[in-house]
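A.B. asks: What follows is a structure written as structure tokens; I'll ask about it next.
The values are calculated or read from the model by the stated rules, or taken from the named source; none is laboratory data. Just so it is clear, the structure is predicted and the values come from calculations on it, not from any experiment. Cβ atoms come from the backbone with ideal geometry, glycine included; neighbour counts cover every protein chain shown. Note: accessible area is taken over every heavy atom of the protein model, side chains too, but ligands, DNA and RNA are not part of it. Shrake-Rupley method; radii C 1.70, N 1.55, O 1.52, S 1.80 Å.
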Amino acid sequence: MAALKNNVWITLKEYLLITVGLLSYVLGWSIFLIPNNLVGGGVSGLSAIIYYATGIQMGYSYFVINVILLLVGFKILGTGFGGKTIYAIIFASVMLNILPPLIPEYISQELAVSNGKMLCTVIGGVLSGVGIGMSISNGGSTGGTDIIALIVGKYRNISPGRLILAMDVVIILSSMLFPSYTAAGELVPFPEKLATAVYGLILITVSGYSVDLYLSGSRQSVQVFIFSKKYAEIADEITDGLHRGVTIIHAEGWYTKEESQVIMVMTRKTDLNLLLRYVKSIDPDAFISVSSVMGVYGKGFDTLKVKSSHGSAAEKHGK
């Protein structure tokens, strides 16, 4: 029963963090990017281009394009897209329609328009990037061009990252081919659209860097050594409560010449405080050593990706 409650709480926590991340993503667009007629990459960039040209709210086109991509993805890649991805797409689509009209004009004017497009590009890129990072780190995804990259990758040996970047660049540059109107209904002149495309390239750079920065921070791992006579109780609590593997190392105190057991745990840095609370609640006098590690690969952590050689030795010798 306790395990069930933990699983429910973990799932709710993940959906809550995905929701917060998506709100950050939508706020970045609603406050800083849309009022300045800025464009970005991916489906949100396409939706922005459609909005500036036709006035159709971004949420509608964002939803329709993502649904089409999801259906194609289901057919070619299988039903590997989880409920979190579907939730993220629906939530982002709804909020892209609801939030922009709710934001008072003076807020957009003071925070965005008055501060210039460059600053808004950076702030909007950071907000959207952090939002995407929060969603990805909790198992969510905003779909979009990621699905196209996965489909192409199934048939061609092309780096998904490079393909997504290339698609983003094409989407941003294509914005110069379509008319763009401001909120006041004024047609944006071509020189300004050219500058907007440049800002768009800066935007995807800032957003991508923010995603990587957030993910590298949230995935950072630590190695913990725990010295305690109540090692068995602590090990059971870590295993049952945190669902982390525990290694017991047999040791001997050189000064006391007494044998002891040392607990070694690898965990995410974000879970460290919870782990320390578990330990201190059982043994307040426990001796704990914490150190950061460069990388942890295996079940529950990162996947070690090794490039395969072009054919084995037997294949090279014609065997």
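A.B. asks: Take the solvent-accessible surface of the protein heavy atoms, probe 1.4 Å, and return the percent of it on the stretch 90-241 that carbon and sulfur atoms account for.
C.D. replies: Whole-percent figure for carbon plus sulfur exposure: 66.
A.B. asks: If packing is taken as the mean number of other Cβ atoms within 10 Å per residue, what is the order of 179-189, 125-135, highest first?
C.D. replies: Ranking the peptides 179-189, 125-135 by packing returns 125-135, 179-189.
A.B. asks: Stretched out fully, how many nm does the piece from residue 105 to residue 186 gain, at 0.36 nm a residue minus the Cα gap?
C.D. replies: Working it through step by step, the gained length comes to 27.4 nm.
A.B. asks: Let me ask you something else. From the P(r) of the stretch 121-258, could you give the percentage of C-alpha pairs in the tail past 27 Å? Walk me through the intermediate numbers first.
C.D. replies: Working: 4734 of 9453 pairs.
Beyond 27 Å sits 50 percent of the P(r) for the stretch 121-258.
A.B. asks: With +1 on the Cβ of every Lys and Arg and -1 on the Cβ of every Asp and Glu, and nothing else charged, how large is the dipole of the stretch 166-272 about its Cα centre, in debye rounded to the nearest 20? Before the final figure, lay out the partial values.
C.D. replies: On the way: 8 positive and 12 negative charges, 32 e Å.
About 160 debye.
A.B. asks: Another question about this same structure. Roughly how many Å is it from the Cα centre of the stretch 224-288 to that of the stretch 79-151, as a whole number?
C.D. replies: 40 Å
A.B. asks: Label points 7 Å out from Cα along the Cβ direction at residue 236 and residue 249: separation in nm?
C.D. replies: For the pair residue 236/residue 249, the computed spacing is 2.4 nm.
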